[in-house]
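Structure first, commentary second.
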Amino acid sequence: MYITKEEYSKDPSKYFTLDVRTAIEFKVLPHFDWAINIEMDKFLKNYKSFLDEHNIENKPIVVVCNAGNRSGQTALFLIEKGYDAKTLQGGVYHYTKQKIS
């Protein structure tokens, strides 16, 4: 269910990156410019139409948040619905604070 920062950083474009933080968190905290932001609760209520709208093209989904809690819950939800979903281990905070070797 997890993807490491090393694995993700090799080619983030091969994933559909979903940031489930609030719009304010997304704006003021470090984030990935290529990520699509929608608050977790809003996403969970309308996940199917959201994913259809964004045409994920059968890409694996990497769900991110600041530390990994909300993204982990969302990834588990998506896995239960049959999607190929993972959460970024340690969240965006961990990804941006530690240098990738």
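See the values below:
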| quantity | calculated |
| --- | --- |
| Tally of residues being farther than 14 Å from PHE16 by Cα and not charged (D, E, K, R) across the stretch 32-64 | 5 |
| Subset of the stretch 7-23 (residues that are closer than 19 Å to ALA67 by Cα and among the polar types (S, T, N, Q)) | SER9, THR17, THR22 |
| Residues of the stretch 57-82 satisfying the condition of being more than 11 Å from the chain's Cα centre (by Cα) and closer than 21 Å to LYS10 by Cβ | GLU57, ASN58, LYS59 |
| Test: THR87 is surrounded by 15 or more Cβ atoms within 10 Å (Cβ to Cβ) and in a helix (DSSP H, G or I) | no |
| Every residue from the stretch 56-80 that is charged (D, E, K, R) and either in contact (Cβ under 8 Å) with a residue 60 or more places away in the chain or out of contact with any helix residue (DSSP H, G or I) (no Cβ under 7 Å at 6 or more places or on another chain) (or both) | GLU57, GLU80 |
| Filtered residue count, the stretch 20-29, keeping only those that are in contact (Cβ under 8 Å) with a residue 24 or more places away in the chain and exposed (fewer than 13 other Cβ atoms within 10 Å of the Cβ) | 0 |
| The listed residue being within 15 Å of ILE61 (Cα to Cα) and surrounded by 12 or more Cβ atoms within 10 Å (Cβ to Cβ), out of LYS5, LYS42 | LYS5 |
| Residues of the stretch 1-59 classified as over 14 Å from ALA85 (Cα atoms), of a type in the set (S, T, N, Q) and not in a strand (DSSP E or B), total | 6 |
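Rule-based calculations on the coordinates, nothing more; no lab input. Computed from a predicted structure; not experimentally measured. Using ideal geometry, Cβ is built from the backbone for each residue, glycine included, and neighbour counts are taken over all protein chains shown.
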